[in-house]
Amino acid sequence: MTIRRPAHVLDIPPFRRLWMAMSASSLGDWLTLLALSALAAQLTAAHGYQAQAAAVGGVFVAKLLPALVLGPLAGPLTVRLDRRLTMLVADLVRVALVASVPLVGLYQWVVAAAFLIECATLFWVPARDATVPALVPKERLEEATRLGVLVTYGTAPVAALLFTVLTTAGPWMVAGGALAYLVSAVWVFTLRGLPRRGGAASTPSVLEGWRASGGDRVAGGVRAGLLATVAAGGALIGVSVLSGPVAYGVVFGALFVGVAVGLFFGPRVLTQLSRSRLFGVSVIAVGAALVVIALVRDQSVVVMLTVVLGLCAGVAWRVGLEVLDGPHMEPVARVTLLLAAAVVAPAAGLAGGALLALIAMGGLMMVVGALALRRVDDRKGVSLSEDMLAALRGERYTPGDVEKVPGVFIAFEGGEGSGKTTQSRLLAIWLRDQGFDVVQTREPGSTKVGMRLRAILLDAAEKGLSPRAEALMYAADRAEHVEKVIRPALERGALVITDRYVDSSLAYQGAGRALDPADVAEVNAWATSELVPHLTVLIDTPPSVGLTRLGGAADRIESEPLEFHERVRNEFRSLAGAAPERYLVVDGTLPLDEISRTVQDRVREILPDPVPSESEDITGTMPAIRD
Ligand SMILES: Nc1ncnc2c1ncn2[C@@H]1O[C@H](COP(=O)(O)OP(=O)(O)OP(=O)(O)O)[C@@H](O)[C@H]1O
Ligand SMILES: Cc1cn([C@H]2C[C@H](O)[C@@H](COP(=O)(O)O)O2)c(=O)[nH]c1=O
């Protein structure tokens with residue numbers, strides 16, 4: 001008997017039912033957020049703008065607090081409870097709380113209900129997350145997670161539309177949220193035969209999410225930039241509540257439509273611009289859009305600018321998530337959105353209008369964006385404006401005439417014993433066999449001066465060399481290498497393969513020795529006249545594996561502690577993640593021939609004359625040249 005594998009994860013009936021519940025619950029969350037904040041503004045309207053703004057801020061604080069206070073406890077507690085029952089009870093509690101709001105009709109109860117609804121959601125979400133692995137086979141989990149993220153954010157514009165219609169119902173505008181939670185409860189009720197409890201709490205708390213999203217320099221820059229875009233969105237939401245419920249619904253919808261478009265088209269935006277630069281520029285654009293929104297009076301222009309703001313934020317998220325582990329950022333982003341709304345709404349009240357609050361927030365976000373760009377920039381020393389203008393024309397900007405060489409420049413990078421030397425040799429053999437003029441070289445030590453520098457740099461007896469001197473010596477070796485070996489070869493049209501290049505300095509001296517990465521990048525941009533490889537192959541091997549592959553006595557750098565090599569590895573990975581179009585990352589623990597096949601497939605794409613893949617079969621058995 002053959003068991004049919006479902007074509008799509010939604011073809012699994014129990015998961016489809018859970019997914020329907022997830023969609024209804026997310027819709028309920030957005031509808032409730034919109035309705036409770038709008039209702040708080042309405043119920044306090046008689047007390048003036050300042051009181052209204054403080055009341056709105058109170059609702060956002062009430063929605064924020066449970067995640068901060070109860071967040072770390074709710075996940076572990078929920079896995080001990082019956083998941084289906086937990087979701088069902090949480091849904092019914094939310095229905096009752098939302099429905100009670102118009103009945104009580106007091107601002108204080110709006111805030112209390114917002115807090116309690118959020119507490120119930122804190123149990124619903126981990127119960128859902130612990131249920132998914134019980135319904136979906138392991139190999140389908142990623143697909144299921146993607147669908148979960150889709151409904152979480154995809155329901156926001158739908159909620160905005162429904163809310164805008166529901167505003168005609170006065171205090172009963174909250175009814176949409178109650179109905180959505182009720183629908184969620186019905187779908188949860190249909191989920192039978194679930195394992196009752198157990199499994200791991202897969203929903204990270206805010207703090208866990210922050211830690212898990214990465215800790216190195218580039219990750220820090222990306223994280224700050226992403227949160228700046230969310231804060232800008234939160235600020236806009238916070239003040240637009242004060243413009244009346246219809247305007248609020250329209251702005252909210254415009255924001256999320258923009259985000260959805262940006263997320264979808266992100267990879268197709270300015271394809272000739274480095275992804276790191278696109279990320280930084282998008283974050284700055286979000287801040288700038290917020291400032292312009294503050295200055296504009298016309299509501300339709302505000303709506304259009306809000307779509308632009310959302311679009312830039314969507315692009316930033318799409319590009320940024322390629323560097324960071326996306327799902328982990330979700331709790332932090334949610335808290336940031338609510339916090340920004342909670343701060344900016346009362347600030348607008350104190351200032352007597354949204355103008356100053358939005359300008360201050362937008363300006364701050366532009367500064368954060370500029371700092372994030374400085375951290376993630378992978379083309380330091382290359383003019384950003386020239387780069388962008390060229391990208392707008394659909395071209396890649398090449399500074400000076402250095403890169404307009406006829407040859408092809410490939411760098412191999414990686415930690416100790418990762419397999420760079422082996423792979424660069426195998427690639428050189430393969431390319432020579434195709435008839436290419438290949439120059440295989442390495443750093444440090446490929447020139448006369450370079451050999452002397454290498455002897456000093458790797459001498460284990462050379463204790464106490466200062467990190468700055470070390471960085472300058474590697475840069476000096478590189479300047480000589482580029483001038484005497486690499487550039488002449490590229491100019492005559494050769495394929496140059498170097499075992500290590502600038503990234504090694506960014507990783508070893510920047511991350512390893514904790515020198516300012518911008519300084520290391522600048523010195524090296526000068527030393528190489530900004531010569532950037534067409535392709536960098538990162539052989540990614542855990543230091544615990546690579547270091548044990550090495551024979552003989554450890555040199556000055558190899559004998560650094562394991563944490564040093566871990567930092568180096570993380571930096572290599574971040575550099576590659578920030579410019580995926582210029583990198584190939586290969587798992588260095590794979591068998592040699594598998595790695596070299598992957599490298600050949602990628603290199604084939606950038607060769608002057610395409611190499612037919614069949615030629616690989618002829619040369620695949622060729623042994624590496626040994627010293
Ligand atoms: N994929 C692999 N699997 C197992 N062993 C490998 C692999 N790649 C390389 N090796 C072995 O690991 C050792 C180190 O490889 P290699 O010299 O290519 O690394 P490297 O990155 O150039 O190291 P270093 O930069 O420290 O000189 C060699 O003995 C090589 O045969
Ligand atoms: C180019 C370059 C290298 N290093 C370090 C990395 C290695 O420990 C050695 C080179 O040894 P290999 O066996 O030839 O790989 O030097 C560095 O710290 N910074 C650099 O820029």
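The values are calculated or read from the model by the stated rules, or taken from the named source; none is laboratory data. Computed from a prediction, not measured in an experiment: that's the story for all the values here. Cβ placement follows ideal geometry from the backbone for every residue including glycine, while neighbour counts extend to all protein chains displayed.
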- Query: Do we have any residue at all in the stretch 497-512 that's modelled with pLDDT of 95 or more and more than 12 Å from ligand 2 (Cβ to nearest atom)?
  - Reply: yes
- Task: For the stretch 528-545, enumerate the residues that are within 12 Å of ligand 2 (Cβ to nearest atom) and under 14 Å from R500 (Cβ atoms).
- Result: T528, I539
- Note on the structure: By residue number, the members of the stretch 417-474 that are more than 16 Å from ligand 1 (Cβ to nearest atom), farther than 30 Å from D519 by Cα and touching a residue at least 12 places away in the same chain (Cβ under 8 Å) are L431, D433, Q434, F436, D437, V438
- Message: If I filter the stretch 501-523 for residues that are touching a Lys or Arg at 6+ places or on another chain (Cβ under 9 Å), within 16 Å of ligand 1 (Cβ to nearest atom) and among the β-branched types (V, I, T), do I get at least one hit?
- Response: yes
- Whichever residue in the stretch 388-400 is farther than 13 Å from G280 by Cα and within 24 Å of the chain's Cα centre (by Cα) and, among such residues, is modelled with the lowest pLDDT: R396
- With the first residue restricted to the stretch 587-610 and required to be in contact (Cβ under 8 Å) with a residue 60 or more places away in the chain, and the second required to be polar (S, T, N, Q), Cβ contacts under 8 Å at 6 or more apart or on different chains are G588/S418; G588/T541; L592/T422; L592/Q423; I595/Q423; S596/Q423; V599/Q423; L607/Q434
- Given the conditions (1) over 19 Å from T536 (Cα atoms); (2) within 34 Å of the chain's Cα centre (by Cα), and given that T498 satisfies all but one, which numbered condition is not satisfied? (1)
- Inside the stretch 568-585, can you point out the residues that are in contact (Cβ under 8 Å) with a residue 60 or more places away in the chain and not in a loop (DSSP other than H, G, I, E, B)? V568, R569, N570, E571, F572, S574, L575, G577, A578, P580, E581, R582
- Query: Do the conditions hold for G381, that is, is it surrounded by fewer than 20 Cβ atoms within 10 Å (Cβ to Cβ), away from ligand 2 (no atom under 15 Å from the Cβ), at pLDDT below 95 and not assigned by TED's automatic domain parsing to the domain that holds Y501?
  - Reply: yes
